[in-house]
Amino acid sequence: MRSFLFASAYWLFSIFYSLMALLLTVLPGRRPMLWVIQRYTRRMVWAMQHLAGIRLEVRGREHIPSQPVIFAAKHQSWGDGYCIYSQFNDLAFVTGDHLEKFPFMSTILRKLGAIVVNNCGGIEARKALADRSQKASDDGRHILIYPEGHLSAPGTYHRYRSGVWHMYRNFNRPVVPVATNLGLFWQEERYDKSPGTAVLEFMEAIPTGLDKNEFMALLQTRIETQTQTLISEATGTPFQPSTIVSD
């Protein structure tokens, strides 16, 4: 019943706020669009708690510098985006072009200032990432990226891609790793939801100036270690390192 109630609210909120956002694309600037998206994501977090029984606990906000940063987050669930976006008033995010398959979504994403890149990766995708994220950097906005480029089931990870490194180097910004165990309660794209307390944890920022190999190794270690720690805490089981899966 919880899953059914949440699914009903999910589609109701998504359709309602998408239509509202589409109507507001005719207005100048991003502020009207931000108003809609802020309310949409916060309603979804509300529905997670009150309908699906998934309470969100946010840790580590003291680790977020006052300057604009890049958030590099673990991605276990469609709910990850709602949880992170709901914490900020303005956040640029990197997403794959799969979202553009939904009607009018490309118009909304463009107006919102989202950074849409080709899911297949490669040189062209890296160039698009650099070009489209430059505007967000110029505007002084926080940027959210999922460095794996995939949804990963709890206990697993995909190869960390270098797009986050290029942004870190090009924009000379600290990177804040973000761990979560939301996948225990809302895994990937699954319909079934399980009640419990999901944790979203912002960790100490990685300072600028590291070389690529050092940065990528440190980022992956921090995210995967803390994510597995949160999973161990929630399940009451011993800590287990995450295992890699092929793309």
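The values are calculated or read from the model by the stated rules, or taken from the named source; none is laboratory data. All values derive from a computational prediction rather than experimental measurement. Cβ sites come from the backbone with ideal geometry, for glycine too, and all protein chains shown count toward neighbours. Ligands, DNA and RNA are stripped out before the accessible areas are found, and what is left, the full protein with its side chains, is counted by its heavy atoms. Shrake-Rupley method; radii C 1.70, N 1.55, O 1.52, S 1.80 Å.
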| remark: In the range 129-147, anything of a type in the set (Ser, Thr, Tyr) and modelled with pLDDT of 80 or more is listed as 146
| request: List every residue pair whose Cβ atoms sit under 6 Å apart, with the two residues 6 or more apart in sequence or on different chains, where the first one lies in the range 8-23 and is touching a residue at least 60 places away in the same chain (Cβ under 8 Å) and the second, anywhere, is open to solvent by 30 Å² or more (accessible area, probe 1.4 Å). | output: 22/104
| said: Just to be sure I understand, how many residues within the range 63-75 are open to solvent by 10 Å² or more (accessible area, probe 1.4 Å) and either among the aliphatic types (A, V, I, L, M) or free of Cβ contacts under 8 Å to residues at least 12 places away in the same chain (or both)? | reply: 2
| If you check every pair at least six apart or on different chains, which have Cβ atoms under 9 Å apart with a residue in the range 149-163 that is under 16 Å from residue 179 (Cβ atoms) first and a residue that is in a loop (DSSP other than H, G, I, E, B) and of a type in the set (Ser, Thr, Tyr) second? | 152/242; 154/242; 155/242; 156/242; 157/242; 158/152; 158/246
| When the residues of the range 76-98 are filtered to those that are assigned to a strand (DSSP E or B) and in contact (Cβ under 8 Å) with a residue 60 or more places away in the chain, which remaining residue is surrounded by the fewest Cβ atoms within 10 Å (Cβ to Cβ)? | 94
| Whichever residue in the range 205-242 is among the hydroxyl-bearing types (Ser, Thr, Tyr) and surrounded by 11 or more Cβ atoms within 10 Å (Cβ to Cβ) and, among such residues, is farthest from residue 162 (Cα to Cα) | 235
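Name every residue in the range 144-159 that is open to solvent by 30 Å² or more (accessible area, probe 1.4 Å), in contact with a strand residue (DSSP E or B) (Cβ under 8 Å, 6 or more places away or on another chain) and in a loop (DSSP other than H, G, I, E, B), in order of residue number. Walk me through how you get there before you give the answer.
So in the range 144-159, the residues open to solvent by 30 Å² or more (accessible area, probe 1.4 Å) come out as 146, 149-151, 154, 157, 159.
Of the ones still in play, those that are also in contact with a strand residue (DSSP E or B) (Cβ under 8 Å, 6 or more places away or on another chain) are 146, 149, 151, 157, 159.
Correct list: 146, 149, 151, 159.
Those residues that are outside any loop (DSSP other than H, G, I, E, B) and open to solvent by less than 20 Å² (accessible area, probe 1.4 Å), I need them from the range 181-195; list them, please.
182, 183
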| task | Might you check whether a residue that is farther than 13 Å from residue 75 by Cα, modelled with pLDDT of 95 or more and assigned to a helix (DSSP H, G or I) occurs anywhere in the range 160-172? | result | no
| So which residues in the range 160-178 are under 20 Å from residue 226 (Cβ atoms) and open to solvent by 30 Å² or more (accessible area, probe 1.4 Å), if there are any at all? | 161
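Taking the stated definitions as given, is residue 177 assigned to a loop (DSSP other than H, G, I, E, B) and out of contact with any Asp or Glu (no Cβ under 6 Å at 6 or more places or on another chain)?
Here the answer is no, as residue 177 does not meet what is asked.
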| note | Scanning the range 8-62 residue by residue, those over 15 Å from residue 105 (Cα atoms), of a type in the set (S, T, N, Q) and either over 18 Å from the mean Cα position of the chain (by Cα) or open to solvent by 60 Å² or more (accessible area, probe 1.4 Å) (or both) turn out to be 8, 49
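Here is a yes/no grid of residues against (1) in contact with a Ser or Thr (Cβ under 8 Å, 6 or more places away or on another chain); (2) in contact (Cβ under 8 Å) with a residue 60 or more places away in the chain:
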{"site": "176", "(1), (2)": "no, yes"}
{"site": "204", "(1), (2)": "no, yes"}
{"site": "222", "(1), (2)": "no, no"}
{"site": "225", "(1), (2)": "no, no"}
{"site": "228", "(1), (2)": "yes, yes"}
| query | Considering only the range 46-95, how many residues are out of contact with any helix residue (DSSP H, G or I) (no Cβ under 8 Å at 6 or more places or on another chain) and acidic (Asp, Glu)? | reply | 2
| field | Matching residues in the range 18-35 - criterion: being outside any loop (DSSP other than H, G, I, E, B) and over 18 Å from residue 93 (Cα atoms) | value | 19, 20, 22, 23, 24
